[in-house]
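Taking it in order: structure first as C-alpha cells, then the write-up.
Quick note: the coordinates plus some simple rules give every number you see, no bench work behind them. Predicted, not measured: the structure shown is a model, and the values here were computed from it. Quick reminder, even Gly has a Cβ in these numbers, built from the backbone with ideal geometry, and neighbours come from all protein chains shown.
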C-alpha cells in the first residue's frame with residue numbers, strides 16, 4: 001500500500017472539487033505504470049534477491065535445474081504469461097485504487113516449506129523502496145501538474161496524461 005498526502009493551501013473551490021478526480025486519475029496512471037514496468041521485473045533472473053523471495057526447497061530447486069533453471073517465480077511460465085499478457089484496467093476512487101492481476105489458483109497457495117501466511121501472490125506484489133519512491137513521485141508529479149494547470153486555467157481533467 002502506498003500512502004500519498006496532499007496538502008491544499010488556499011485552493012479555490014473549483015480545485016477542491018476537482019482534487020478527488022485528479023488524484024484518482026493519477027493513481028490509476030501509477031497503477032498502470034506498476035503493471036507495465038514493475039510487475040515484469042518480478043520474473044527476471046535477479047528478482048529473488050531484489051524482492052527478497054523466500055527460499056525454495058531442495059527438491060523444487062532440483063526440478064528447476066533439470067528444466068534449465070528458470071527465474072525464481074517461474075516454473076512452467078504459465079502464470080507469468082497470464083499475469084503479463086492480461087491487461088486489466090485499475091478501478092477505484094481517489095482513496096483506493098485496485099488493480100486485479102489474473103493468476104491461477106495455485107498462485108495463492110501457502111506451501112509447507114514457506115513461513116505461515118506467505119504466498120506467491122505476496123512475492124508478485126512485493127516492492128522495493130525504489131519502486132515505492134518512483135510511484136510516489138509519479139503520483140505527486142501528476143497531481144502537482146494538474147493543480148498547477150488548473151491555477152493557470154490551461155487544463156481540463158482529461159488532459160492529465162504525461
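Segment residue 85..residue 140, full-extension length gain: 17.0 nm, with 0.36 nm per residue of separation and the alpha-carbon distance subtracted. Take the Cβ atoms of residue 96 and residue 152, set R0 to 22 Å, and the FRET efficiency comes out at 0.15. Each residue in 22, 101 was given a count of other beta-carbon atoms within 10 angstrom of its own, and listing them fewest first yields 101, 22.
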